[in-house]
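These notes concern the structure reproduced below.
The values are calculated or read from the model by the stated rules, or taken from the named source; none is laboratory data. What you see is a predicted model, and the numbers here were worked out from it, not measured in a lab. Here the Cβ is made from the backbone with ideal geometry for all residues, glycine too, and neighbour counts use every protein chain on show.
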Amino acid sequence: MISRLKIIIADDNKIITTVLAEEIKKHEEFLLLDITSRTEDEIELINTLKPDTVITDIKRKEGYLKGLEIIRMYREQEKPKFVVISGAPYTDIMESLRELKVKYFIPKPFQYEKVIEVLREVREEIYPQSVLDRNDMIQEFKRATFFERLVKIIKRK
């Protein structure tokens, strides 16, 4: 069984969250748990749904750097991993992200494919066995395909 990366999106840009949610739902290795635009809701969702990762913005209408406050709250925990997508000035937040040990930062504007690529990295970090499982499935498929072709060749003779 595939280990799905459980995700929450927290951003106050409705267009970004809508399109990002659609992109995430296209991939079976991801499970989108919820979307929020409010800091209080983000905290509640993290505490109740226990996501593997949170895609979050730093700069919000509620206040500049609200996203960093949330990351600080969870920095001692193994999960969730935070993927920061932000239009905040790069130099202003990079030192803070380093201090908080945030490995994944994607500046706005961004390509949605980049987010999917980063989510796959996070998934491999959290569920390293899933990569091995996928490779085993590929090998099994290749063996099955090989034997099917071999049987067809033998039947022709």
Candidates 49, 31 - the one that is aliphatic (A, V, I, L, M), at pLDDT 95 or above, in the same structural domain as residue 98 (by TED's automatic domain parsing) and over 28 Å from residue 98 (Cβ atoms):
31
Do we find that residue 6 is closer than 22 Å to residue 101 by Cα and in contact with a helix residue (DSSP H, G or I) (Cβ under 9 Å, 6 or more places away or on another chain) in this structure?
yes
Can you tell me which of 72, 38, 4 is over 25 Å from residue 124 (Cα atoms) and among the basic types (Lys, Arg)?
38
Being of a type in the set (A, V, I, L, M) and at pLDDT below 70 is the filter; apply it to the range 104-150 and report the residue that is farthest from residue 30 (Cα to Cα).
150
As an exercise: evaluate residue 85 against (1) in a helix (DSSP H, G or I); (2) buried (at least 21 other Cβ atoms within 10 Å of the Cβ) and give the number of the one condition it does not meet.
(1)
Take the range 30-81 and flag every residue that is in contact with a Leu (Cβ under 8 Å, 6 or more places away or on another chain) and assigned to a strand (DSSP E or B).
30, 31, 33, 34, 36, 53, 55
Scan the range 96-113 for residues that are among the charged types (D, E, K, R) and either part of a helix (DSSP H, G or I) or over 19 Å from residue 12 (Cβ atoms) (or both) and jot them down.
98, 99, 101, 103, 113
Looking only at the range 20-29, which residues are surrounded by 15 or more Cβ atoms within 10 Å (Cβ to Cβ) and either more than 16 Å from the chain's Cα centre (by Cα) or assigned to a loop (DSSP other than H, G, I, E, B) (or both)?
27, 29
